[in-house]
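Data block below; observations after.
The values are calculated or read from the model by the stated rules, or taken from the named source; none is laboratory data. What you see is a predicted model, and the numbers here were worked out from it, not measured in a lab. Here the Cβ positions follow ideal geometry from the backbone for every residue, glycine too, while neighbour counts run over all protein chains shown. In case anyone asks, the SASA skips ligands and DNA or RNA and just uses the protein heavy atoms, side chains included. Shrake-Rupley method; radii C 1.70, N 1.55, O 1.52, S 1.80 Å.
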Amino acid sequence: MIILQDSDNNIFGSYVTDSWFLSTNVFFGSGESFLYKFKGDRIQVFHSTGINSFYQMADETGLSIGAGDK
């Protein structure tokens, strides 16, 4: 699970199913992964749409969690 807070105090993150490893241009994980954000005292969860399988990817420049295009 990843939890982040940005400079505007927005709190958001993700839950991913697989352990992280370097995977340049290769996505992995499963549709059980999701993104979330806190909005006031509520949490908004964004589940996979199932349109693609771009769940998680990591390379030397950063992490990708969920993607609409490769």
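The set of residues in region 17-43 being open to solvent by 70 Å² or more (accessible area, probe 1.4 Å), of a type outside the set (A, V, I, L, M, F, W, C) and within 14 Å of the chain's Cα centre (by Cα) consists of Ser19, Glu32, Lys37.
Can you tell me how many residues within region 6-16 are surrounded by 13 or more Cβ atoms within 10 Å (Cβ to Cβ) and of a type outside the set (Gly, Ala, Ser)?
Looking only at region 6-16, we keep the residues that are surrounded by 13 or more Cβ atoms within 10 Å (Cβ to Cβ), and these are 11-16.
Filter once more, keeping what is of a type outside the set (Gly, Ala, Ser): 11-12, 15-16.
Within region 6-16, residues that are surrounded by 13 or more Cβ atoms within 10 Å (Cβ to Cβ) and of a type outside the set (Gly, Ala, Ser) number 4.
When region 6-51 is filtered for residues that are without any contact (Cβ under 8 Å) to a residue 24 or more places away in the chain and of a type in the set (S, T, N, Q), the ones remaining, listed by number, are Ser7, Asn9, Ser19, Gln44, Ser48, Thr49. How about region 16-34: which of its residues are assigned to a loop (DSSP other than H, G, I, E, B) and either among the polar types (S, T, N, Q) or touching a Gly at 6+ places or on another chain (Cβ under 9 Å) (or both)? Selection gives Val16, Thr17, Asp18, Ser19, Ser23, Thr24, Asn25, Ser30, Gly31, Ser33.
Could we say that Phe54 is part of a strand (DSSP E or B), modelled with pLDDT of 90 or more and aromatic (Phe, Trp, Tyr) here? Show your work before the answer.
Numbers: part of a strand (DSSP E or B): no; modelled with pLDDT of 90 or more: yes; aromatic (Phe, Trp, Tyr): yes.
No.
The conditions of being basic (Lys, Arg) and either at pLDDT 90 or above or in a strand (DSSP E or B) (or both) are met by Lys37. Residue count for region 57-69 under the criterion of being part of a strand (DSSP E or B) and either open to solvent by 80 Å² or more (accessible area, probe 1.4 Å) or touching a residue at least 12 places away in the same chain (Cβ under 8 Å) (or both): the result is 6.
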